[in-house]
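Here's the structure, in structure tokens; my notes come after.
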Amino acid sequence: MPEPMPPEPYPSGGSRVPEDGAIAATGMGGAMDLATSEGETLEEPPVGPDGTGRPERARSLWSDAWRDLRRNPVFIISGLIILFLVFISLWPSAIASGSPLKCDLAKAQEGSQPGAPFGYDGQGCNVYTRTVYGARTSVTVGVLATLGVALFGSVLGGLAGFFGGVWDSVLSRITDIFFAIPVVLGGLVLLSVVTSNTVWPVIGFMVLLGWPQISRIARGSVITAKQNDYVQAARALGASNSRMLLRHITPNAVAPVIVVATIALGTYISLEATLSYLGVGLKPPTVSWGIDISAASPYIRNAPHALLWPSGALALTVLAFIMLGDAVRDALDPKLR
């Protein structure tokens with residue numbers, strides 16, 4: 001019986017597998033045949049998940065979160081609503097003609113009609129136009145208040161959590177004092193003496209009473225992050241405090257702050273409407289959903305449409321930001337994966 005031919009050697013010291021199959025020596029001096037596909041597999045280079053031969057890149061928390069968000073219908077729906085609100089806030093005249101301050105008492109409390117699909121309020125103002133223009137004020141107040149609260153609270157809480165000691169103790173007691181102040185009552189007291197018609201007093205009040213919540217979240221995140229091994233290794237290698245804060249701790253501690261700030265944005269929009277409804281927030285001639293709700297309340301029986309549309313727009317806006325915050329929280333929390 002003829003002996004099987006051995007594999008032809010490669011110049012580099014390897015062996016070439018014959019095209020019709022692969023032969024491997026056994027431990028007892030015999031030989032066994034391998035399938036052609038198995039022999040070829042031994043010689044093929046590793047390929048990536050997409051079959052292109054490129055190795056898979058290491059994915060980060062942010063890339064995984066973005067991938068999950070794109071597949072989340074809650075994020076898509078809330079994101080589309082928010083994009084629409086931002087669009088009408090920047091260009092309200094694109095979908096609403098006329099001025100929101102132009103009113104005609106002869107049309108007071110009239111219902112829907114051509115040119116005024118939402119009807120008219122008690123002063124004869126176009127409810128549709130005022131509802132569209134009111135989005136600009138609400139979104140502006142919510143976004144600016146959230147940015148101010150997030151920046152101010154994150155810096156104070158992050159520094160307190162990183163350095164600890166007396167600074168941490170003093171900041172904790174200050175936040176306890178601010179947590180004891182009711183938000184609506186504080187707004188009634190502080191804003192009742194303000195005569196400005198701009199949005200800045202309301203934004204300043206929200207930042208003043210809103211930063212302790214973000215500060216607590218940032219403090220806890222920094223305390224957790226600075227105990228990780230990579231931070232301890234950086235400290236052992238002689239990294240400065242600023243480098244550890246900016247390069248190692250902040251990128252890994254900012255996710256909870258983003259989640260809380262996103263949810264709080266809707267809360268600040270609702271708070272602005274509440275303060276305006278009570279008469280201590282924004283004041284006419286500023287166009288605001290809270291002002292329109294307050295003005296339409298006495299006519300709720302005769303003209304409920306004047307109250308329904310700005311209230312519905314406010315509720316939809318707050319709901320959209322809360323849904324967005326929930327989706328971001330689910331995507332950024334590794335424990336929920």
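The values are calculated or read from the model by the stated rules, or taken from the named source; none is laboratory data. What you see is a predicted model; the values in this text were computed from it and never measured. Cβ atoms come from the backbone with ideal geometry, glycine included; neighbour counts cover every protein chain shown. In case anyone asks, the SASA skips ligands and DNA or RNA and just uses the protein heavy atoms, side chains included. Shrake-Rupley method; radii C 1.70, N 1.55, O 1.52, S 1.80 Å.
Remark: relative contact order (the range 67-136) = 30 percent; criterion is Cα-Cα distance under 8 angstrom and separation of 6 or more residues. Pairs of Cα atoms in the range 277-334 fall into 10 Å distance bins, from 0 up to the last occupied one, in shares of 22, 35, 23, 15, 5, 0 percent. With all protein chains in place and a 1.4 Å probe, the accessible surface of the range 144-243 carries 70 percent carbon and sulfur. Think of the range 213-284 as having a plus end and a minus end, set by charges on the Cβ of Lys, Arg, Asp and Glu; of Ala264, Ile217, His248, His248 sits farthest toward the positive end of this dipole. For the range 218-337, the equivalent ellipsoid built from the Cα gyration tensor has semi-axes of 46, 16, 8 Å, listed from largest to smallest.
Note: the range 102-154, Cα convex hull, 80 Å³ per residue.
How big is the gap, in Å, between the Cα center of the range 117-162 and the Cα center of the range 173-228? When both Cα centres are located, 16 Å separates them. Remark: the range 229-284 is approximated by an ellipsoid whose semi-axes, taken from the C-alpha gyration tensor as √(5λ), come to 43, 11, 6 Å, largest first.
Each Cα pair under 8 Å and six or more residues apart adds its sequence gap; the mean of these over the residue count of the range 86-184 is a relative contact order of 21 percent. The eigenvalues of the Cα gyration tensor, multiplied by 5 and square-rooted, give the range 147-247 an equivalent ellipsoid with semi-axes of 34, 14, 9 Å from largest to smallest.
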